[in-house]
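Participant: Here's a structure for you.
The values are calculated or read from the model by the stated rules, or taken from the named source; none is laboratory data. Remember, it's a predicted structure, so these values are computed and weren't measured experimentally. Because the Cβ atoms are built from the backbone with ideal geometry, glycine has one as well, and the counts that use them run over all protein chains shown.
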Amino acid sequence: MCAPMQIADQRPSTVFLSEELSYGKIQLFQTVNKAEFWDLIMIVCKFGGTSVQDADAMMRLAKIIGAQRDAQPVVVSSAMGKTTNKLLELARTASEGRQQEALDLLASLQDNHLKEARKLGIAVSEDWVAEKIDTYFKEMLDLVHGLSALGELTPRVTDAMASYGERLSTAILTQVLENQGIPSQLMDARQCVITDDNFVNANPLADETEAAIVKHLRPVLEEGKVPVFQGFIGSNREGITTTIGRGGSDHSASLVGAALEADEIQIWTDVDGIMTTDPRMVPEAHRVKEISFNEAAELAYFGARVLHPATILPAVRKKIPVRVLNSSKPDQEGTIITNETQPCGNPVKAIAYKKGVTIVNIASTRMLMAHGFLRKIFEIFDHYKVSVDVVATSEVSVSLSVDETSALGDIVTNLKKIGEVKVEGSQAIVCCVGDNLRNIAGVPHIVFSALQNIDIHMISQGASSINMTFVISEDHLPEAVRELHASLFRKVDPRIFE
Ligand code: ADP
Ligand code: ASP
Ligand code: MG
C-alpha cells in the first residue's frame, strides 16, 4: 500500500505515488517512488507556427514525438502558421466596424483549420475535436459581434481572441498523437501559466506558475501520457485569459521545462538551428553547433527571432540545456545552448539585427557632467516603462536607442526640461555576439573595415563585453549585415560552425 504523494519543491528521497493516482494505470508507475520518477528522463518539445502549420507538419511532429517516447516528452505548441496574426487582424477589423470583412476572415480561418484536421482524419464527425473547433469558432463569432457593437478593442479582448490560435492547434495535435498510438492529454495552459494583468504582454508569476505546472502536468506524465500544452497563453489570478507577448511560446516551453526540471528543452522551428545570422537575410549563413546561454540571450535580445528573449532565463536558472532544431529535418543535430563555452577560433558566433529603432539624442553642455544627469534621463524612460537598448555618451550628449515609441512624445517633453532633444527614426541595431569578443584583438578593425561605406550613428560594447553593437540607418541594414557576415565568417572554425 502506498502513502499519499506529496509534491515537494526539492527532489525528496522517498515519497510514494498515491493509490488513486496509480489506480488502473500502467504498472511501471504503481511501483515507482517520486525520487525514481524525477530520475526518469523528461523533455519539453516546443513547436513553432511553421512546425504545426498544416497536416503534413503535424504528422512530422507526431513522428518526432513518437521517436522520443521514452524521454517522456511534453509538447508545447504555437498556433498553426500565421493564425495569431490573422486573429489579431480579425479583432481589429471587427472593432473598426468592418463586420463583413471580419466574418470573411473568421470563415477562412475556420475552413483552414477544418481542412487540415480532416486531412488528418479527424474532426470528420461528432468527435470531441470537431466539437471543440465548433465551440471555439462560435465563441470567436460572439467576440466579433461584441467588438463590432462596441467599436473598441481592449488589450483584454485582444488576448481572448489571440488565445484561440494555440487552443485550436493543440486540440488537433492531441488527436493526431492519439491516432499515431501515442496516448496524449490536452492541457489548459491558462490553469498553469499564471500572469500579472499586463494583457498582451503579461509577465508569468514565477512561483505560482511553477507550482501550477507541477500540479497539472505531473499526474499526466505519471499516467504515461504526453501532455499537449499551449504556448503563448496564460491567465491572471482571476482566471482571465492573458498572452505573454508575440513569439512567447518559447518562453512557455522554458517555464514548463524549468518547473518540471526537464533534461532538455527542444525548440523545433523552420531553420537548422541558431545560424550565424538570419538566413533570410544571408542565405549562406552557417549553423552554430554550440552556443552559451549568455550568447544566445544576447542574440535573442537584439532581434534574432529564432529564440524569444525570455526563453533563456528559466532554463539558465535550472541549468537545462536548450536545443534548437529544424522540424523538417529531425535527424540533424541543430544548435545546443549550454552553460559551457567551447573554444572557438572565430571572435563572433552570430550577428543579430533589429529594425524599427529610434535614436533619442540629448545634448546639454551645461549639465552633462553634472551629478545625476544620466540618472534623470533613465528615470524618465523608466517612468514610461520604455527600455533602452543601446547607450552612447560623448562629452556633450547622450544618445539612446529605443524600439517602443508609443510614449515617445511624453518622454521627449520631459527630456526637453534637461537638454536639447533630437529624435531620429527608421534606424536599425546590428549586434555582433561572441564570448570571444573580449579576448580576440583586432575585431573592431574587421568590423569597421566591413562597414567603411556605412554611416554608423551609435556604437556600444555591452557591459558583458560579449557584444559589439551599432545603430545605422534602416536603409543600410541588408548591406551592413551581408558585409559583416562576409568578413567575420570568411573562414569558420569547424568545431563550432557547419
Ligand atoms: P517559430 O515560429 O518556430 O517560433 P520564428 O519565426 O519565431 O519561428 O523563428 C525562426 C526564424 O528566426 C527563422 O525563420 C529565421 O528567419 C529567424 N532568425 C533570425 N535570426 C536567426 C538566426 N541567427 N538563426 C536562425 N534563425 C534566425
Ligand atoms: N502564436 C504566437 C505568436 O505568433 C506565439 C508564438 O508563436 O510563439 O506570436
Ligand atoms: Mg518564435
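Participant: Six or more apart or on different chains, Cβ atoms under 7 Å: show the pairs whose first residue is in region 46-73 and away from ligand 2 (no atom under 16 Å from the Cβ) and of a type in the set (Val, Ile, Thr) and whose second is in a helix (DSSP H, G or I) and at pLDDT 95 or above.
Facilitator: Ile65/Leu177
Participant: Restricting attention to region 224-244, does a residue exist that is among the charged types (D, E, K, R), within 16 Å of ligand 1 (Cβ to nearest atom) and either within 27 Å of Arg92 (Cβ to Cβ) or more than 16 Å from the chain's Cα centre (by Cα) (or both)?
Facilitator: No, the conditions are met nowhere in region 224-244.
Participant: Moving on. I want to confirm something. Restricting to region 209-252 and keeping residues that are of a type in the set (Val, Ile, Thr) and in a loop (DSSP other than H, G, I, E, B), which single residue is farthest from ligand 2 (Cβ to nearest atom)?
Facilitator: If we take residues in region 209-252 being of a type in the set (Val, Ile, Thr) and in a loop (DSSP other than H, G, I, E, B), then Ile240 is farthest from ligand 2 (Cβ to nearest atom).
Participant: So in region 71-128, with the set limited to residues that are under 30 Å from Ala258 (Cβ atoms) and more than 16 Å from ligand 1 (Cβ to nearest atom), which one is surrounded by the fewest Cβ atoms within 10 Å (Cβ to Cβ)?
Facilitator: Of everything passing the filter in region 71-128, Ala71 is surrounded by the fewest Cβ atoms within 10 Å (Cβ to Cβ).
Participant: Let me ask something else. Among the residues of region 230-276, count how many are on the phi > 0 side of the Ramachandran plot and away from ligand 3 (no atom under 15 Å from the Cβ).
Facilitator: 2
Participant: Among Lys349, Lys385, which is the only one that is charged (D, E, K, R) and either in contact with a strand residue (DSSP E or B) (Cβ under 6 Å, 6 or more places away or on another chain) or under 14 Å from Lys416 (Cα atoms) (or both)?
Facilitator: Matching residue, one of Lys349, Lys385: Lys349.
Participant: Would you call Glu166 under 16 Å from His113 (Cβ atoms) and among the acidic types (Asp, Glu)?
Facilitator: Judged against the criteria, Glu166 is a match.
Participant: Right, something else. So, Val316, is that one of a type in the set (Val, Ile, Thr) and either touching a residue at least 60 places away in the same chain (Cβ under 8 Å) or not in a helix (DSSP H, G or I) (or both) or not?
Facilitator: no
Participant: I need every pair where a residue in region 173-198 that is within 20 Å of His113 (Cα to Cα) has its Cβ under 6 Å from the Cβ of a residue that is among the aromatic types (Phe, Trp, Tyr), sequence separation at least 6 or different chains.
Facilitator: Within 6 Å, the pairs are Met187/Phe229.
Participant: Given the residues Leu415, Leu437, which is the only one that is over 30 Å from Phe293 (Cα atoms), surrounded by 17 or more Cβ atoms within 10 Å (Cβ to Cβ) and of a type in the set (A, V, I, L, M, F, W, C)?
Facilitator: Only one candidate passes the filter, namely Leu415.
Participant: Within region 223-265, restricting attention to residues that are in contact with a Phe, Trp or Tyr (Cβ under 9 Å, 6 or more places away or on another chain) and among the small types (Gly, Ala, Ser), which residue is farthest from Met161 (Cα to Cα)?
Facilitator: The extreme case among them is Gly224.
Participant: With the condition kept exactly as written, say whether any residue in region 310-330 is surrounded by 21 or more Cβ atoms within 10 Å (Cβ to Cβ), away from ligand 2 (no atom under 16 Å from the Cβ) and among the hydroxyl-bearing types (Ser, Thr, Tyr).
Facilitator: Taking every residue of region 310-330 in turn, none turns out to be surrounded by 21 or more Cβ atoms within 10 Å (Cβ to Cβ), away from ligand 2 (no atom under 16 Å from the Cβ) and among the hydroxyl-bearing types (Ser, Thr, Tyr).
Participant: Any residue at all in region 366-388 that is modelled with pLDDT under 90 and of a type in the set (Val, Ile, Thr)?
Facilitator: No - not one qualifying residue is present in region 366-388.
Participant: What's the number of the condition Val52 fails, among (1) within 16 Å of ligand 1 (Cβ to nearest atom); (2) out of contact with any strand residue (DSSP E or B) (no Cβ under 8 Å at 6 or more places or on another chain)?
Facilitator: Status for Val52: all satisfied but (2).
Participant: Say whether the condition of being part of a helix (DSSP H, G or I), farther than 24 Å from Ala55 by Cβ and touching a residue at least 40 places away in the same chain (Cβ under 8 Å) is met by at least one residue in region 101-109.
Facilitator: Yes, some residue in region 101-109 is part of a helix (DSSP H, G or I), farther than 24 Å from Ala55 by Cβ and touching a residue at least 40 places away in the same chain (Cβ under 8 Å).
Participant: Of everything in region 129-161 that's touching a Ser or Thr at 6+ places or on another chain (Cβ under 7 Å) and either over 19 Å from Gly97 (Cα atoms) or not hydrophobic (A, V, I, L, M, F, W, C) (or both), which residue is surrounded by the most Cβ atoms within 10 Å (Cβ to Cβ)?
Facilitator: Asp159
Participant: State whether one or more residues within region 290-301 are over 22 Å from Ala71 (Cβ atoms), within 13 Å of the chain's Cα centre (by Cα) and of a type in the set (Phe, Trp, Tyr).
Facilitator: yes
Participant: Additional query: Of the residues that sit in region 289-310 and are outside any loop (DSSP other than H, G, I, E, B) and farther than 12 Å from Thr338 by Cβ, which one is nearest to ligand 1 (Cβ to nearest atom)?
Facilitator: The qualifying residue nearest to ligand 1 (Cβ to nearest atom) is Leu299.
Participant: Kindly list, by first and then second residue, each pair from a residue in region 227-248 that is more than 30 Å from Gly303 (Cβ to Cβ) to a residue that is in a loop (DSSP other than H, G, I, E, B) and modelled with pLDDT of 95 or more, limited to pairs with Cβ atoms under 6 Å and residues at least 6 apart or on different chains.
Facilitator: Taking only residues 6 or more apart or on different chains, the pairs are Pro227/Met187.
Participant: Still on this structure, please answer the following. State all residues of region 186-211 that are closer than 21 Å to Ala57 by Cβ and more than 19 Å from the chain's Cα centre (by Cα); if no residue qualifies, say none.
Facilitator: Listed by number, the residues that qualify are Leu186, Met187.
Participant: Suppose we filter region 262-285 for residues that are in a loop (DSSP other than H, G, I, E, B), within 10 Å of ligand 1 (Cβ to nearest atom) and either more than 11 Å from Ile337 (Cα to Cα) or at pLDDT below 95 (or both); how many remain?
Facilitator: Matching residues across region 262-285 total 11.
Participant: Please tell me if Ala258 is away from ligand 2 (no atom under 16 Å from the Cβ) and under 20 Å from the mean Cα position of the chain (by Cα).
Facilitator: Yes.
Participant: In this structure, does Arg190 turn out to be under 30 Å from Val214 (Cα atoms), touching a helix residue (DSSP H, G or I) at 6+ places or on another chain (Cβ under 8 Å) and surrounded by fewer than 23 Cβ atoms within 10 Å (Cβ to Cβ)?
Facilitator: Against the criterion (under 30 Å from Val214 (Cα atoms), touching a helix residue (DSSP H, G or I) at 6+ places or on another chain (Cβ under 8 Å) and surrounded by fewer than 23 Cβ atoms within 10 Å (Cβ to Cβ)), Arg190 qualifies.
Participant: Let me ask something else about it. Of everything in region 231-261, what is among the acidic types (Asp, Glu) and either farther than 18 Å from Val52 by Cα or at pLDDT below 95 (or both)? Give them in sequence order.
Facilitator: Glu238, Glu261
Participant: Which numbered condition in (1) more than 28 Å from Asn201 (Cβ to Cβ); (2) in contact with a helix residue (DSSP H, G or I) (Cβ under 6 Å, 6 or more places away or on another chain) is the only one that Ala428 fails?
Facilitator: Failed condition: (1).
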